[in-house]
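Everything on this sheet refers to the single structure shown next.
The values are calculated or read from the model by the stated rules, or taken from the named source; none is laboratory data. All figures in this text were calculated on a predicted structure; none of them were measured in a lab. Here the Cβ positions follow ideal geometry from the backbone for every residue, glycine too, while neighbour counts run over all protein chains shown. Ligands, DNA and RNA are stripped out before the accessible areas are found, and what is left, the full protein with its side chains, is counted by its heavy atoms. Shrake-Rupley method; radii C 1.70, N 1.55, O 1.52, S 1.80 Å.
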Amino acid sequence: MIAAIDVGSNTVRMLLGEVDDGKVVPHRYEREITRLKGGQTGEGLAPEAMERTFSALKRFAVIASEEGAARLRAVGTEALRTASNGAEFVDMVRREADLEIEIIDGLEEAGLSAAGVLSALDPVPKNAIIIDIGGGSTEIILVCQGNVAFRHSCPLGVVQIAEMGSNRNWQAFITDQTSRIGQLIQQKQIADIVKDSETLFVGNAGTVTTLAAIDLEMATYDWRRVNNYVMSREMIEEIMLNLQRLSTVERENIMGMEKGRGDLIIPGISVLQAMMKMMDKESLVISDFGLLEGVLLQLASTAAMR
């Protein structure tokens, strides 16, 4: 048994499992929305956000120990990379929870996420553009024949957007950032590959997996049903219109909606729709797998080389 922990900007997640013949076999999955990036200022992560995240990490460390995880790797992403007190938080977790968090850079995050995402797809596409809409940022990864050909991280994080205030403010922000990404894709001369109808448009992370869970009316989340689920732009638009009519509380009572995501789902879908429009994509393939599974694959590969 091996374990991976992802300390994200919105959610802390842990996966315990094995890797069999290059495929991740999950045994136990834990997640908790802690909004680590929530309330972040120039002075760093907010004390309340750090306390929520620390509490979740302590619980996860105990579970990993009780489950007999032989190896564990915990990684921190955008929130810890950018916070002025990110290193202090990592030190506190090391001292008080006996858990080592590695703050990884965007390139490593992209490679691990891509490996995890692709491991869930059947068949594995020749080319894929992967969109990972997170709490603190959105990652765009172009994979060609199994190799990362392009990656870009932009500040389209759902927590950040939700805290901007008015809908008008954050819609303008999404439009501006999406336009910048489009320009970058043109500059890198990869627009033809990205917009090619044969290049699969793949989404992972909370926004898109929640869309699948809502559409499937899942009372209990099941990653097996989410992996490889396909949604059209029209299906996504219909869910968006329905959610916009509801309050935050009403959204969280919908079958398939995760508690704590009621105010984040609209910004997340808005980012997704903007990306699909900019890249001329009519459908979305969803992968529940991502960074956690990528870390497990790496741990298994490292062990095999010893």
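Scanning the range 26-81 for residues that are more than 17 Å from the chain's Cα centre (by Cα) and β-branched (Val, Ile, Thr), we see that the one that is nearest to Asn227 (Cα to Cα) is Ile63. Per this entry, Arg225 is not counted among residues that are in contact with a helix residue (DSSP H, G or I) (Cβ under 8 Å, 6 or more places away or on another chain), surrounded by fewer than 22 Cβ atoms within 10 Å (Cβ to Cβ), under 20 Å from Tyr29 (Cα atoms) and in contact (Cβ under 8 Å) with a residue 24 or more places away in the chain. The set of residues in the range 41-68 that are surrounded by fewer than 20 Cβ atoms within 10 Å (Cβ to Cβ) and either of a type in the set (Val, Ile, Thr) or closer than 27 Å to Leu297 by Cβ (or both) comprises Thr41, Lys58, Arg59, Val62, Ile63, Ser65, Glu66, Glu67, Gly68.
Checking each residue in the range 240-272 for being charged (D, E, K, R), surrounded by 12 or more Cβ atoms within 10 Å (Cβ to Cβ) and not in a helix (DSSP H, G or I) picks out Glu252, Glu258, Arg261, Asp263. The set of residues from the range 69-89 being under 21 Å from Gly38 (Cβ atoms) and either crowded, with 19+ Cβ neighbours inside 10 Å or in contact (Cβ under 8 Å) with a residue 60 or more places away in the chain (or both) comprises Ala74, Val75, Gly76, Thr77, Glu78, Ala79, Leu80, Ala83, Gly86, Phe89.
Number of residues in the range 87-144 that are closer than 22 Å to Ala56 by Cα and acidic (Asp, Glu) equals 7. A single member of Ile181, Ile130, Ile141 is open to solvent by less than 50 Å² (accessible area, probe 1.4 Å) and either assigned to a helix (DSSP H, G or I) or among the polar types (S, T, N, Q) (or both), and it is Ile181. Output yes when any residue across the range 105-120 is farther than 30 Å from Val230 by Cβ, of a type outside the set (S, T, N, Q) and open to solvent by 10 Å² or more (accessible area, probe 1.4 Å), and no when none is. For the range 105-120, residues farther than 30 Å from Val230 by Cβ, of a type outside the set (S, T, N, Q) and open to solvent by 10 Å² or more (accessible area, probe 1.4 Å): present.
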